[in-house]
Amino acid sequence: MDREVDIGFVKDEPAFHELHSTEVHLDHMVLVAAPRHRLAGRPNVRIEDLAGEAFVLHSLCATTADMMHRLFEQHRIKFRVVAELWSFENIRGFVREGVGLAIVPGVTVREDLREGSLVRIPMPVLEVPRRTLMIYREQGYLSDSASELIKLVRNFNWEGTGSMAFSKRRAIAEVSSR
């Protein structure tokens with residue numbers, strides 16, 4: 001609020017009325033495992049199937065950890081965390097080695113899933129949306145470069161990027177127009 005930063009990137013809508021936001025990315029959390037994991041390849045996985053499983057978490061993703069704790073509590077299942085790491089790269093490595101399962105942003109494991117070094121465990125209840133918003137002020141001083149970046153992002157043609165955010169907005173618009 002002291003105007004030291006022109007632009008920020010956050011996950012939640014800004015609480016301050018003088019800040020505006022533009023969605024720049026939409027992703028979903030996904031549950032991943034090593035290809036040899038007992039749940040790999042199963043078409044129907046229930047929360048009860050995760051009882052006793054080891055989980056690897058990102059130490060800075062409290063929202064995800066809180067969601068997992070609440071979900072497991074609701075089903076009276078113990079949530080067993082075996083490692084809390086500082087990077088998604090390390091989490092991917094631990095999961096590939098069979099240390100445990102992880103719920104991570106889909107974008108962080110896209111290549112691993114394509115290569116087959118990790119597998120996605122289908123579980124819709126865990127596939128929560130994860131937005132990235134660009135926040136900025138429209139009032140007051142902004143550097144020329146910050147103003148140009150805001151204009152660029154707000155006017156960017158997301159259709160050409162394969163962005164999930166654009167794809168979802170387009171699908172909603174198509175359904176709404178029917």
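Structure values in brief
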item	result
Under 14 Å, Cβ to Cβ, from R92 - net charge with Lys/Arg +1 and Asp/Glu -1	-1
Span from the segment 73-93 Cα centroid across to the segment 118-155 one, whole angstrom	26
Separation in nanometres of the label points that stand 7 Å from Cα toward Cβ, at V10 and A51	4.1
Of all DSSP beta bridges in the chain, antiparallel share, percent nearest 5	75
DSSP H segments from the chain that extend 15 Å or more along their own axis, Cα-based, with Kyte-Doolittle mean of -1.0 or above	62-74, 144-155, 164-176
Share of alpha-carbon pairs per 5 Å distance bin for the chain, given as whole %	1, 7, 14, 16, 16, 13, 12, 10, 7, 3, 1, 0
Calculated FRET efficiency for the pair S143/A62, C-beta based, R₀ 45 Å, to 0.05	0.90
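Throughout, read-outs are computed from the coordinates displayed, never taken from laboratory work. Worth saying up front: this structure is predicted, and the values here are computed from it rather than measured. In this analysis, Cβ positions are derived from the backbone assuming ideal geometry, glycine residues included, and neighbour counts consider all displayed protein chains.
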